[in-house]
1. Considering only residues of the range 6-32 that are of a type in the set (Val, Ile, Thr) and out of contact with any Lys or Arg (no Cβ under 6 Å at 6 or more places or on another chain), which is nearest to Ser48 (Cα to Cα)?
2. Of all the strands (runs of 3 or more DSSP E) wholly in the chain, which have at least 2 residues that are in contact (Cβ under 8 Å) with a residue 12 or more places away in the chain?
3. Say we look at the range 55-74 and pick out the residues that are in contact with a Lys or Arg (Cβ under 8 Å, 6 or more places away or on another chain) and of a type outside the set (Val, Ile, Thr); which of these is surrounded by the fewest Cβ atoms within 10 Å (Cβ to Cβ)?
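Coordinate-derived values only; no laboratory data. Computed from a prediction, not measured in an experiment: that's the story for all the values here. Here the Cβ is made from the backbone with ideal geometry for all residues, glycine too, and neighbour counts use every protein chain on show.
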Amino acid sequence: MNNIILYTKKGCPWCKGVLDLFAEKGVKYEEREVLGNPAYFDELVAKSGQKKTPTLDIDGEILADSDREQVSVYLKEKKYPGF
């Protein structure tokens, strides 16, 4: 599990929760803020079929409209280091 893309929107409290989780656990990821970048927004919709954030692309697997707890459980199930 090496490639994590996190789609966020400015001001989204659920996004902040996932960002905080990643900071606490030292998770490496690429953040793509969709409100300021139409290409990232289009990519979010194409990958997930919806417009909500946070949405994650983890090695090609999509976690759409997630929150801190869902992401934590998923990474624990996948045995991501630190979870």
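1. Our first condition is that a residue be of a type in the set (Val, Ile, Thr); within the range 6-32, this holds for 8, 18, 27.
Narrowing further to those that are out of contact with any Lys or Arg (no Cβ under 6 Å at 6 or more places or on another chain): 8, 27.
Values: Thr8: 13, Val27: 22 Å.
The extreme case among them is Thr8.
2. Values: elements: 4-8, 30-33, 55-58, 61-63.
Ranges flagged: 4-8, 30-33, 55-58.
3. Per the stated criteria, the residue is Asp65.
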